[in-house]
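One structure below.
The values are calculated or read from the model by the stated rules, or taken from the named source; none is laboratory data. Please read these numbers as outputs of a predicted model, since none were measured by experiment. All Cβ positions, even for glycine, are placed from backbone atoms using ideal geometry, and neighbour counts span all protein chains on display. Ligands, DNA and RNA are excluded from the accessible area calculation, which covers all protein heavy atoms including side chains. Shrake-Rupley method; radii C 1.70, N 1.55, O 1.52, S 1.80 Å.
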Amino acid sequence: MAQDPYQTLGIPKTATAEQIKAAYRKLAKKHHPDLNPGNAAAEARFKAASSANELLSDPERRARFDRGEIDAEGQPTERAFYRQYAEGDQAGRYRSAGAEDDAFGDIFSELFRQAGTRGGAGAAGAGGRAFRGQDQHFSLTIPFREAALGGSQHITLPEGRSLDVAIPPGLRDGQTIRLRGQGHAGFNGGPAGDALIEVSVAPHPFFRREGDDIHVDLPVTVAEAVLGGKVNVPTLSGPVSLTVPRHSDAGRKLRLRGRGIPAHGDRPAGDLYVTLHLVAGQPDAALEDALRAWAERHPTDPRAHLQEGA
Amino acid sequence: MITITTVVATVPGLTEADILHYVEAEWVRPARQAGEPVFSETDLARIRLIQDLRTALEVEEPTLPLVLSLLDQLYATRRQLRLLLETASPELRAQLADRFGG
(Lines give C-alpha, C1' and ligand atoms only; values in the text may rest on other atoms or scores of the structure.)
Protein backbone atom coordinates (compact mmCIF):
# COMPACT_ATOMS: atom_id res chain seq x y z
CA MET A 1 0.00 0.00 0.00
CA ALA A 2 1.47 3.31 -1.03
CA GLN A 3 1.86 6.09 1.46
CA ASP A 4 -0.87 8.67 1.89
CA PRO A 5 -0.36 11.23 -0.91
CA TYR A 6 -1.13 14.15 1.43
CA GLN A 7 1.61 12.95 3.77
CA THR A 8 3.99 12.40 0.85
CA LEU A 9 3.56 16.01 -0.22
CA GLY A 10 3.35 17.23 3.39
CA ILE A 11 0.05 19.08 2.95
CA PRO A 12 -3.32 19.04 4.78
CA LYS A 13 -6.35 17.35 3.22
CA THR A 14 -7.84 20.79 2.66
CA ALA A 15 -4.93 21.95 0.49
CA THR A 16 -5.81 23.95 -2.62
CA ALA A 17 -4.65 23.02 -6.11
CA GLU A 18 -2.05 25.79 -5.85
CA GLN A 19 -0.71 24.39 -2.57
CA ILE A 20 -0.47 20.91 -4.08
CA LYS A 21 1.45 22.21 -7.04
CA ALA A 22 3.79 24.23 -4.82
CA ALA A 23 4.44 21.27 -2.50
CA TYR A 24 5.16 19.01 -5.47
CA ARG A 25 7.52 21.53 -7.04
CA LYS A 26 9.40 21.92 -3.79
CA LEU A 27 9.99 18.18 -3.56
CA ALA A 28 10.77 17.83 -7.28
CA LYS A 29 13.46 20.49 -7.04
CA LYS A 30 15.10 18.62 -4.21
CA HIS A 31 14.76 15.04 -5.40
CA HIS A 32 14.69 15.07 -9.22
CA PRO A 33 16.78 12.00 -10.19
CA ASP A 34 18.67 13.87 -12.89
CA LEU A 35 19.90 16.32 -10.26
CA ASN A 36 20.78 13.47 -7.89
CA PRO A 37 22.64 10.90 -9.98
CA GLY A 38 23.37 7.70 -8.10
CA ASN A 39 20.99 8.57 -5.25
CA ALA A 40 18.34 5.86 -5.11
CA ALA A 41 16.53 7.43 -2.14
CA ALA A 42 16.04 10.66 -4.08
CA GLU A 43 14.61 8.74 -7.01
CA ALA A 44 12.15 6.90 -4.76
CA ARG A 45 11.01 10.17 -3.19
CA PHE A 46 10.66 11.88 -6.56
CA LYS A 47 8.57 9.00 -7.86
CA ALA A 48 6.37 9.07 -4.75
CA ALA A 49 5.92 12.84 -5.04
CA SER A 50 5.15 12.53 -8.77
CA SER A 51 2.47 9.93 -8.31
CA ALA A 52 0.99 11.81 -5.30
CA ASN A 53 0.89 14.94 -7.46
CA GLU A 54 -0.62 13.02 -10.37
CA LEU A 55 -3.39 11.74 -8.11
CA LEU A 56 -4.15 14.97 -6.25
CA SER A 57 -3.86 17.35 -9.20
CA ASP A 58 -6.68 15.51 -10.96
CA PRO A 59 -9.82 16.83 -9.14
CA GLU A 60 -11.87 13.77 -10.05
CA ARG A 61 -9.31 11.22 -8.87
CA ARG A 62 -8.62 13.30 -5.77
CA ALA A 63 -12.35 13.29 -4.87
CA ARG A 64 -12.54 9.52 -5.37
CA PHE A 65 -9.48 9.04 -3.18
CA ASP A 66 -10.98 11.32 -0.48
CA ARG A 67 -14.16 9.24 -0.53
CA GLY A 68 -12.05 6.11 -0.12
CA GLU A 69 -13.07 4.71 -3.52
CA ILE A 70 -9.47 4.32 -4.71
CA ASP A 71 -6.25 3.97 -2.78
CA ALA A 72 -3.01 5.82 -3.40
CA GLU A 73 -1.69 2.93 -5.46
CA GLY A 74 -1.57 4.92 -8.68
CA GLN A 75 0.42 3.38 -11.49
CA PRO A 76 3.46 5.62 -11.60
CA THR A 77 4.32 6.08 -15.24
CA GLU A 78 7.60 4.32 -15.98
CA ARG A 79 9.98 6.64 -17.70
CA ALA A 80 13.67 6.78 -18.42
CA PHE A 81 15.56 9.57 -16.69
CA TYR A 82 18.31 11.38 -18.49
CA ARG A 83 20.91 10.19 -15.98
CA GLN A 84 20.44 6.64 -17.26
CA TYR A 85 21.94 7.79 -20.54
CA ALA A 86 24.03 10.74 -19.44
CA GLU A 87 27.10 8.71 -18.61
CA GLY A 88 26.73 6.47 -21.63
CA ASP A 89 28.53 6.74 -24.94
CA GLN A 90 25.72 8.46 -26.77
CA ALA A 91 25.63 11.38 -24.38
CA GLY A 92 29.21 12.20 -25.33
CA ARG A 93 27.87 14.91 -27.60
CA TYR A 94 26.49 16.78 -24.57
CA ARG A 95 29.89 17.03 -22.91
CA SER A 96 30.65 20.62 -22.06
CA ALA A 97 32.67 22.35 -24.75
CA GLY A 98 35.92 22.63 -22.77
CA ALA A 99 36.11 18.91 -22.19
CA GLU A 100 36.37 18.21 -25.93
CA ASP A 101 39.98 19.39 -26.06
CA ASP A 102 41.16 17.08 -23.36
CA ALA A 103 38.73 14.25 -23.05
CA PHE A 104 40.50 13.03 -19.95
CA GLY A 105 40.52 16.33 -18.05
CA ASP A 106 43.59 17.60 -16.27
CA ILE A 107 42.57 16.15 -12.90
CA PHE A 108 42.60 12.69 -14.38
CA SER A 109 45.93 13.07 -16.17
CA GLU A 110 47.34 14.21 -12.86
CA LEU A 111 45.86 11.20 -11.11
CA PHE A 112 47.42 8.87 -13.67
CA ARG A 113 50.82 10.48 -13.23
CA GLN A 114 50.61 10.06 -9.49
CA ALA A 115 49.53 6.49 -9.83
CA GLY A 116 52.52 5.84 -12.09
CA THR A 117 55.07 7.14 -9.63
CA ARG A 118 53.49 5.94 -6.43
CA GLY A 119 52.41 2.52 -7.55
CA GLY A 120 55.60 1.92 -9.52
CA ALA A 121 53.49 0.44 -12.28
CA GLY A 122 56.34 1.15 -14.70
CA ALA A 123 56.50 2.82 -18.07
CA ALA A 124 52.91 2.14 -19.00
CA GLY A 125 51.66 4.12 -16.02
CA ALA A 126 53.81 7.16 -16.61
CA GLY A 127 51.60 9.16 -18.92
CA GLY A 128 48.42 7.25 -18.32
CA ARG A 129 47.49 4.20 -20.36
CA ALA A 130 46.70 4.87 -23.99
CA PHE A 131 43.40 3.48 -25.14
CA ARG A 132 41.26 3.57 -28.17
CA GLY A 133 38.33 5.99 -28.45
CA GLN A 134 34.78 4.65 -28.52
CA ASP A 135 33.02 3.75 -31.75
CA GLN A 136 30.11 5.96 -32.73
CA HIS A 137 27.00 4.55 -34.35
CA PHE A 138 24.85 6.34 -36.91
CA SER A 139 22.08 5.42 -39.28
CA LEU A 140 21.53 6.75 -42.76
CA THR A 141 18.89 6.22 -45.42
CA ILE A 142 19.99 6.52 -49.03
CA PRO A 143 18.05 6.42 -52.32
CA PHE A 144 17.77 3.13 -54.21
CA ARG A 145 19.80 4.36 -57.17
CA GLU A 146 22.65 5.64 -54.98
CA ALA A 147 22.87 2.24 -53.24
CA ALA A 148 22.92 0.38 -56.55
CA LEU A 149 25.43 2.53 -58.42
CA GLY A 150 27.52 3.80 -55.50
CA GLY A 151 28.40 7.40 -54.86
CA SER A 152 29.05 9.77 -52.03
CA GLN A 153 26.72 10.97 -49.27
CA HIS A 154 27.30 13.95 -47.08
CA ILE A 155 26.04 13.50 -43.53
CA THR A 156 25.96 15.91 -40.62
CA LEU A 157 26.74 14.35 -37.27
CA PRO A 158 24.96 15.39 -34.05
CA GLU A 159 27.96 17.31 -32.79
CA GLY A 160 28.01 19.43 -35.96
CA ARG A 161 30.88 17.61 -37.66
CA SER A 162 30.12 16.43 -41.17
CA LEU A 163 31.44 13.41 -43.03
CA ASP A 164 31.53 12.29 -46.62
CA VAL A 165 30.51 8.67 -46.76
CA ALA A 166 31.60 6.74 -49.84
CA ILE A 167 28.79 4.36 -50.84
CA PRO A 168 30.19 1.28 -52.61
CA PRO A 169 28.14 0.09 -55.62
CA GLY A 170 25.73 -2.74 -54.83
CA LEU A 171 25.28 -1.74 -51.18
CA ARG A 172 22.58 -3.84 -49.52
CA ASP A 173 19.84 -2.67 -47.17
CA GLY A 174 21.03 -2.84 -43.56
CA GLN A 175 24.74 -2.99 -44.45
CA THR A 176 27.13 -1.13 -42.14
CA ILE A 177 29.87 1.13 -43.42
CA ARG A 178 32.87 1.57 -41.14
CA LEU A 179 34.79 4.83 -41.29
CA ARG A 180 38.05 4.19 -39.53
CA GLY A 181 39.19 6.81 -37.04
CA GLN A 182 36.02 8.90 -37.36
CA GLY A 183 34.58 7.94 -33.96
CA HIS A 184 35.40 9.43 -30.58
CA ALA A 185 38.98 10.56 -30.00
CA GLY A 186 41.37 8.20 -28.23
CA PHE A 187 42.80 8.86 -24.78
CA ASN A 188 46.45 9.51 -23.98
CA GLY A 189 47.57 9.11 -27.57
CA GLY A 190 45.41 6.05 -28.28
CA PRO A 191 43.80 5.76 -31.72
CA ALA A 192 40.36 7.25 -32.38
CA GLY A 193 37.35 4.93 -32.56
CA ASP A 194 35.44 4.25 -35.75
CA ALA A 195 32.18 5.67 -37.04
CA LEU A 196 29.80 2.83 -37.88
CA ILE A 197 27.01 3.85 -40.23
CA GLU A 198 24.11 1.51 -40.75
CA VAL A 199 22.61 2.22 -44.13
CA SER A 200 18.99 1.61 -45.08
CA VAL A 201 18.10 1.64 -48.74
CA ALA A 202 14.87 3.44 -49.62
CA PRO A 203 12.51 1.48 -51.89
CA HIS A 204 12.25 2.55 -55.54
CA PRO A 205 8.87 3.38 -57.13
CA PHE A 206 9.31 0.71 -59.83
CA PHE A 207 12.64 -1.08 -59.52
CA ARG A 208 12.94 -4.07 -57.20
CA ARG A 209 16.22 -5.64 -56.27
CA GLU A 210 17.00 -9.32 -55.85
CA GLY A 211 20.68 -9.88 -55.13
CA ASP A 212 22.54 -8.22 -57.98
CA ASP A 213 19.56 -8.36 -60.36
CA ILE A 214 16.93 -5.66 -60.80
CA HIS A 215 13.32 -6.38 -61.70
CA VAL A 216 10.88 -4.00 -63.32
CA ASP A 217 7.28 -4.37 -64.53
CA LEU A 218 6.89 -2.91 -68.02
CA PRO A 219 3.45 -1.97 -69.37
CA VAL A 220 3.02 -2.75 -73.10
CA THR A 221 -0.04 -2.33 -75.31
CA VAL A 222 -1.83 -5.30 -76.80
CA ALA A 223 -0.54 -4.24 -80.21
CA GLU A 224 3.08 -4.12 -78.97
CA ALA A 225 2.73 -7.58 -77.43
CA VAL A 226 1.12 -9.17 -80.50
CA LEU A 227 3.04 -7.41 -83.25
CA GLY A 228 6.33 -6.94 -81.40
CA GLY A 229 8.44 -3.83 -81.62
CA LYS A 230 10.96 -1.61 -79.95
CA VAL A 231 10.07 -0.01 -76.62
CA ASN A 232 12.03 2.12 -74.16
CA VAL A 233 12.88 0.51 -70.80
CA PRO A 234 14.14 2.50 -67.80
CA THR A 235 17.43 1.20 -66.38
CA LEU A 236 19.58 2.50 -63.53
CA SER A 237 21.78 4.28 -66.05
CA GLY A 238 18.99 5.72 -68.24
CA PRO A 239 16.50 4.36 -70.76
CA VAL A 240 17.56 1.67 -73.25
CA SER A 241 15.70 0.29 -76.26
CA LEU A 242 14.30 -3.25 -75.92
CA THR A 243 12.76 -5.35 -78.67
CA VAL A 244 9.52 -6.96 -77.56
CA PRO A 245 9.35 -10.19 -79.61
CA ARG A 246 6.31 -10.76 -81.76
CA HIS A 247 3.55 -12.79 -80.06
CA SER A 248 4.70 -11.99 -76.54
CA ASP A 249 2.25 -12.80 -73.77
CA ALA A 250 1.52 -10.97 -70.52
CA GLY A 251 3.98 -11.96 -67.77
CA ARG A 252 6.76 -12.74 -70.24
CA LYS A 253 10.13 -12.05 -68.67
CA LEU A 254 12.85 -10.50 -70.81
CA ARG A 255 16.43 -10.16 -69.67
CA LEU A 256 18.76 -7.26 -70.30
CA ARG A 257 22.15 -8.71 -69.55
CA GLY A 258 24.48 -6.61 -67.39
CA ARG A 259 21.89 -3.89 -66.76
CA GLY A 260 21.41 -4.75 -63.05
CA ILE A 261 23.80 -3.78 -60.25
CA PRO A 262 27.15 -2.87 -61.88
CA ALA A 263 30.13 -5.19 -61.38
CA HIS A 264 31.77 -4.58 -58.00
CA GLY A 265 34.57 -6.36 -56.19
CA ASP A 266 34.72 -9.85 -57.67
CA ARG A 267 31.01 -9.92 -58.49
CA PRO A 268 29.99 -9.54 -62.14
CA ALA A 269 27.24 -7.11 -63.08
CA GLY A 270 23.68 -8.30 -62.45
CA ASP A 271 20.89 -8.37 -65.04
CA LEU A 272 17.70 -6.38 -65.49
CA TYR A 273 14.57 -8.52 -65.74
CA VAL A 274 11.63 -6.91 -67.52
CA THR A 275 8.18 -8.44 -66.95
CA LEU A 276 5.58 -7.51 -69.56
CA HIS A 277 2.21 -6.24 -68.40
CA LEU A 278 -0.53 -5.89 -70.99
CA VAL A 279 -2.58 -2.70 -70.94
CA ALA A 280 -5.76 -2.32 -72.96
CA GLY A 281 -5.26 1.40 -73.45
CA GLN A 282 -8.31 3.19 -74.86
CA PRO A 283 -10.39 0.71 -76.90
CA ASP A 284 -12.68 2.15 -79.57
CA ALA A 285 -15.31 0.76 -81.93
CA ALA A 286 -12.71 -0.21 -84.53
CA LEU A 287 -10.78 -2.34 -82.03
CA GLU A 288 -14.00 -3.90 -80.75
CA ASP A 289 -15.07 -4.85 -84.28
CA ALA A 290 -11.69 -6.29 -85.11
CA LEU A 291 -11.55 -8.34 -81.93
CA ARG A 292 -15.13 -9.55 -82.26
CA ALA A 293 -14.49 -10.80 -85.77
CA TRP A 294 -11.21 -12.40 -84.70
CA ALA A 295 -12.68 -14.06 -81.60
CA GLU A 296 -15.50 -15.60 -83.59
CA ARG A 297 -13.02 -17.28 -85.89
CA HIS A 298 -10.72 -18.38 -83.02
CA PRO A 299 -12.74 -19.81 -80.15
CA THR A 300 -10.29 -20.53 -77.31
CA ASP A 301 -10.47 -20.93 -73.53
CA PRO A 302 -7.24 -19.83 -71.78
CA ARG A 303 -8.76 -21.01 -68.44
CA ALA A 304 -9.28 -24.62 -69.49
CA HIS A 305 -6.37 -25.87 -67.37
CA LEU A 306 -7.87 -24.29 -64.23
CA GLN A 307 -10.87 -26.62 -64.44
CA GLU A 308 -8.77 -29.77 -64.05
CA GLY A 309 -7.48 -29.07 -60.55
CA ALA A 310 -10.73 -27.58 -59.22
CA MET B 1 15.72 6.63 -34.32
CA ILE B 2 12.71 8.67 -33.17
CA THR B 3 10.92 11.28 -35.26
CA ILE B 4 9.74 14.63 -33.94
CA THR B 5 6.09 13.49 -34.18
CA THR B 6 6.82 10.53 -31.92
CA VAL B 7 8.56 12.77 -29.39
CA VAL B 8 5.51 15.06 -29.28
CA ALA B 9 3.25 12.04 -28.78
CA THR B 10 5.46 10.59 -26.01
CA VAL B 11 6.03 13.61 -23.78
CA PRO B 12 2.83 15.08 -22.28
CA GLY B 13 2.46 18.83 -22.63
CA LEU B 14 5.20 19.16 -25.24
CA THR B 15 4.62 20.76 -28.64
CA GLU B 16 6.59 20.48 -31.86
CA ALA B 17 7.44 24.18 -31.53
CA ASP B 18 8.99 23.49 -28.07
CA ILE B 19 11.24 20.80 -29.55
CA LEU B 20 12.31 22.93 -32.50
CA HIS B 21 13.10 25.67 -30.01
CA TYR B 22 15.24 23.29 -27.91
CA VAL B 23 17.08 22.18 -31.05
CA GLU B 24 17.52 25.76 -32.24
CA ALA B 25 18.99 26.71 -28.84
CA GLU B 26 21.23 23.59 -29.07
CA TRP B 27 19.96 22.26 -25.74
CA VAL B 28 19.14 19.11 -27.65
CA ARG B 29 21.37 18.05 -30.55
CA PRO B 30 19.65 15.40 -32.63
CA ALA B 31 21.19 13.78 -35.68
CA ARG B 32 19.83 14.89 -39.03
CA GLN B 33 18.57 12.79 -41.87
CA ALA B 34 17.64 14.45 -45.14
CA GLY B 35 17.47 17.74 -43.24
CA GLU B 36 15.00 16.41 -40.64
CA PRO B 37 16.02 15.98 -37.00
CA VAL B 38 15.95 12.38 -35.73
CA PHE B 39 16.16 11.69 -32.00
CA SER B 40 17.82 8.94 -29.98
CA GLU B 41 16.62 7.59 -26.61
CA THR B 42 19.23 9.85 -25.03
CA ASP B 43 17.78 12.91 -26.77
CA LEU B 44 14.26 11.91 -25.69
CA ALA B 45 15.31 11.57 -22.03
CA ARG B 46 17.03 14.95 -22.29
CA ILE B 47 13.88 16.54 -23.71
CA ARG B 48 11.92 15.14 -20.72
CA LEU B 49 14.56 16.55 -18.40
CA ILE B 50 14.26 20.01 -19.99
CA GLN B 51 10.48 19.74 -19.73
CA ASP B 52 10.77 18.89 -16.00
CA LEU B 53 13.22 21.73 -15.46
CA ARG B 54 10.85 24.22 -17.08
CA THR B 55 7.63 23.04 -15.46
CA ALA B 56 8.05 21.18 -12.15
CA LEU B 57 11.37 22.77 -11.26
CA GLU B 58 10.43 26.27 -12.44
CA VAL B 59 13.78 26.99 -14.08
CA GLU B 60 13.35 30.19 -16.07
CA GLU B 61 14.44 30.12 -19.66
CA PRO B 62 17.44 32.49 -19.26
CA THR B 63 18.78 30.24 -16.47
CA LEU B 64 18.14 26.96 -18.28
CA PRO B 65 21.42 26.90 -20.29
CA LEU B 66 23.35 27.39 -17.04
CA VAL B 67 21.55 24.48 -15.38
CA LEU B 68 22.07 22.24 -18.42
CA SER B 69 25.72 23.16 -18.63
CA LEU B 70 26.26 22.33 -14.95
CA LEU B 71 24.44 19.02 -15.39
CA ASP B 72 26.52 18.22 -18.47
CA GLN B 73 29.69 18.92 -16.52
CA LEU B 74 28.50 16.76 -13.65
CA TYR B 75 27.71 13.86 -15.96
CA ALA B 76 30.93 14.27 -17.95
CA THR B 77 32.86 14.04 -14.70
CA ARG B 78 30.92 11.00 -13.55
CA ARG B 79 31.52 9.40 -16.94
CA GLN B 80 35.23 10.06 -16.72
CA LEU B 81 35.34 8.67 -13.20
CA ARG B 82 33.55 5.57 -14.35
CA LEU B 83 35.95 5.13 -17.29
CA LEU B 84 38.82 5.66 -14.92
CA LEU B 85 37.60 2.98 -12.55
CA GLU B 86 36.93 0.60 -15.40
CA THR B 87 40.46 0.94 -16.75
CA ALA B 88 42.31 1.25 -13.44
CA SER B 89 44.64 -1.60 -12.52
CA PRO B 90 43.72 -3.62 -9.41
CA GLU B 91 46.59 -1.93 -7.52
CA LEU B 92 45.31 1.51 -8.44
CA ARG B 93 41.79 0.58 -7.40
CA ALA B 94 43.10 -0.61 -4.06
CA GLN B 95 44.99 2.66 -3.61
CA LEU B 96 41.91 4.70 -4.50
CA ALA B 97 39.79 2.67 -2.09
CA ASP B 98 42.41 3.28 0.59
CA ARG B 99 42.58 6.97 0.00
CA PHE B 100 38.87 7.69 -0.41
CA GLY B 101 37.65 5.20 2.13
CA GLY B 102 36.08 2.96 -0.59
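Whole-Hz ³J(HN,Hα) for each residue in the stretch B:64-72, computed from phi via Karplus 6.51 cos²θ - 1.76 cosθ + 1.60 with θ = phi - 60°, x for glycine and proline: what do you get?
Per-residue couplings from phi come out as 4, x, 5, 4, 4, 5, 5, 4, 4 Hz.
Any idea of B:H21's accessible area? Nearest 10 Å², probe 1.4 Å.
70
How about A:K230: which lysines have a C-alpha closer than 30 Å to its C-alpha, ignoring those fewer than 8 places off in the same chain?
Those lysines meeting the cut-off are A:K253.
Given labels modelled 7 Å from the Cα in the Cβ direction, how far is it in nm from A:L287 to A:R246?
2.2
Relative to a virtual label point 7 Å from the Cα of A:T221 in the Cα→beta-carbon direction, which members of the stretch A:263-297 show backbone nitrogen distances below 12 Å?
Zone members listed by number: A:279-284, A:287.
With θ taken as phi - 60° and the coefficients 6.51, -1.76 and 1.60, list the Karplus ³J(HN,Hα) couplings across the stretch B:46-60 in order, rounded to whole Hz; mark glycine and proline as x.
Those phi angles translate into 5, 5, 4, 4, 4, 4, 4, 4, 6, 9, 4, 8, 6, 7, 6 Hz.
Take the alpha carbon atoms of the stretch A:239-310, find their center, do the same for the stretch A:32-53, and report the distance between the two centers in whole angstrom.
Distance between centres, Cα-based: 69 Å.
Evaluate peptide A:19-28: per residue, the Cβ atoms of other protein chains within 10 Å of its Cβ; return the mean as an integer. If you can, show how the numbers build up before the last one.
Numbers: counts 0, 0, 2, 1, 0, 1, 4, 2, 1, 6.
Per-residue shielding by partner chains comes out at 2.
Taking a point 7 angstrom from the Cα of B:E16 along the C-beta vector, which residues in the stretch B:29-45 have backbone N less than 17 Å away?
Within reach of a label on B:E16: B:33-39.
Nothing charged except the Cβ atoms of Lys and Arg (+1) and of Asp and Glu (-1): what's the magnitude of the dipole of the protein assembly as shown about its Cα centre? Round to the nearest 20 debye.
Numbers: 48 positive and 55 negative charges, 163 e Å.
Approximately 780 debye in magnitude.
Given the protein chains as shown and a 1.4 Å probe, how many square angstrom of A:L35 are accessible, to the nearest 10?
The accessible area of A:L35 comes to roughly 60 Å².
Taking the Cα-to-Cβ direction at A:E210 and at A:K26 and moving 7 Å from each Cα, how far apart do the two end points lie in nm?
7.2
Taking 0.36 nm per residue of sequence separation and subtracting the Cα-Cα distance, how much length would be gained by fully extending the chain between A:H154 and A:S57, in nm to one decimal? Don't skip to the end; give the middle numbers.
On the way: separation 97, 0.36 × 97 = 34.92 nm, distance 4.92 nm.
Answer, rounded to one decimal: 30.0 nm.
Quick one: if you stick a label point 7 Å off each Cα along the C-beta vector at B:E24 and B:E60, how many nm between them?
If labels sit at B:E24 and B:E60, their model points lie 2.1 nm apart.
Based on the Cβ-Cβ distance from B:E86 to A:D4, what FRET efficiency comes out when R0 is 51 Å, to the nearest 0.05? Show your work: numbers first, answer last.
On the way: r = 43 Å, r/R0 = 0.85.
E(calc), rounded to 0.05, equals 0.75.
Partner chain Cβ atoms within 10 Å, averaged over the residues of B:33-46 - can you pull that number for me? Display every interim value, and only then the final one.
Values: counts 7, 6, 1, 0, 1, 4, 1, 7, 5, 13, 7, 4, 10, 6.
Shielding by partners across B:33-46 averages 5.
What is the magnitude of the charge dipole of chain B about its Cα centre, with +1 placed on the Cβ of each Lys and Arg, -1 on the Cβ of each Asp and Glu, and no other charges, expressed in debye to the nearest 20?
On the way: 10 positive and 15 negative charges, 92 e Å.
Here the size comes out at about 440 debye.
Nearest 100 Å², what total accessible surface is buried between chain A and chain B (probe 1.4 Å)?
Numbers: alone 20240 and 7370 Å², together 23570 Å².
Its buried surface, counting both partners, is about 4000 Å².
Quick one: which residues, 5+ away or cross-chain, put their amide H under 5 Å from the amide H of B:Q33? H built at 1.01 Å from N.
Under 5 Å from the amide H of B:Q33 lie the amide H atoms of B:V38, each far enough along the sequence or on another chain.
In whole Hz, with x marking every Gly and Pro, tabulate ³J(HN,Hα) for the stretch A:290-305 from phi via Karplus 6.51 cos²θ - 1.76 cosθ + 1.60, θ = phi - 60°.
Going residue by residue, I get 4, 5, 4, 4, 5, 5, 4, 7, 10, x, 8, 10, x, 9, 3, 5 Hz, with x marking Gly and Pro.
How about A:K13: which lysines have a C-alpha closer than 25 Å to its C-alpha, ignoring those fewer than 8 places off in the same chain?
Filter leaves A:K21, A:K26, A:K29, A:K30, A:K47.
What length, rounded to one decimal in nm, is gained on full extension from A:L163 through to A:A41, with 0.36 nm per residue of separation minus their alpha-carbon distance?
Values: separation 122, 0.36 × 122 = 43.92 nm, distance 4.39 nm.
So the chain would gain 39.5 nm between A:L163 and A:A41.
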